[in-house]
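The values are calculated or read from the model by the stated rules, or taken from the named source; none is laboratory data. The model shown is predicted, which means the values in this text are computed figures rather than measured ones. Cβ atoms come from the backbone with ideal geometry, glycine included; neighbour counts cover every protein chain shown. Accessible surface is based on the protein model in full, side chains and every heavy atom, while ligands, DNA and RNA are left aside. Shrake-Rupley method; radii C 1.70, N 1.55, O 1.52, S 1.80 Å.
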Amino acid sequence: MDENLSSTKLEYYEEMFKLQSTATLLYSFLNEDGRQTLVLDSTIFHPQGGGQPSDKGFISNPHFNFVVEDVRSKDKIVYHYGYFEKPVDDNNIQKGAQVLLNVDEDRRRFSSRLHSAGHLLDICVRNVGWEHLEPTKGHHFPDGPFVEYKGVVPQNELQSKIKEIELEASDLISKGGKVFVSVLPYDKASEMCGGSLPDCIPKDSIPRIVKLGESPGCPCGGTHVGDINEISSLKVSQIRTKKGLTKIFYNVG
């Protein structure tokens, strides 16, 4: 594969609700693990990352239908892994072929709800008085979604705070509010996030910010719901504190 290949254009970055698009095939090859791999000039498929699972779906044209089982990004190149439903002539999968992309809508919507609920949980954690907790990562997969924080919480507060968090989430969900995603210059991004950004965000970068309703935003590269009320409900299933870290596990309705 061409080592000088340019970055894949991420269409979902600005159009999260676009589930179908066209692109140009750049490479088709077998990966080291034997999986068929397609690289395109642009994609609406969200690759696994940021605590969010990858999209699934199809890439097709009149000559083939490629089932997308997994999507990963490396060095700004997005790799679509899967298989052709029927044997394909190599002449029909050459560089320059035009293809149609279709994202599995149900999977995208569910992943977006889980991911957005993680942001909502973080807002609620701050609103109930745990401002000292600093989010470090999230796991927004169906098998036990959680947000991990640097910092600990008093054991005698757990039960009361869980109820407060759930009540706060219920209130925010019932009120609703548009979810905004913007790619902004560093200073404007910092302002949208309450005046500061995490140290891991370079000052010369143009971060992508997600903002739920009137709450401060935060940097994020994932997909999200269009309105807070699409989350339906958020329940805290458990809280674990160990070695200076706190994990808050949650479920969505």
Strands (runs of 3 or more DSSP E) lying entirely in segment 76-153 (those with 1 or more residues that are among the hydrophobic types (A, V, I, L, M, F, W, C)): 77-84, 98-103, 146-150
Checking Lys242 against (1) open to solvent by 30 Å² or more (accessible area, probe 1.4 Å); (2) on the phi > 0 side of the Ramachandran plot, the condition it does not meet: (2)
Verdict on Val99 being over 25 Å from Leu114 (Cα atoms), among the β-branched types (Val, Ile, Thr) and over 26 Å from the mean Cα position of the chain (by Cα): no
Qualifying residues in segment 13-51 (those that are in contact with a helix residue (DSSP H, G or I) (Cβ under 6 Å, 6 or more places away or on another chain) and among the aliphatic types (A, V, I, L, M)) - the one most open to solvent (accessible area, probe 1.4 Å): Leu19
Some residue of segment 52-71 being surrounded by fewer than 17 Cβ atoms within 10 Å (Cβ to Cβ), in contact with a Pro (Cβ under 7 Å, 6 or more places away or on another chain) and not acidic (Asp, Glu): no
Test: residue in segment 110-117 that is surrounded by 15 or more Cβ atoms within 10 Å (Cβ to Cβ), touching a residue at least 24 places away in the same chain (Cβ under 8 Å) and among the basic types (Lys, Arg): yes
Matching option when the condition is surrounded by 16 or more Cβ atoms within 10 Å (Cβ to Cβ) and either free of Cβ contacts under 8 Å to residues at least 40 places away in the same chain or farther than 15 Å from Val252 by Cβ (or both), among Leu101, Leu167, Leu158: Leu101
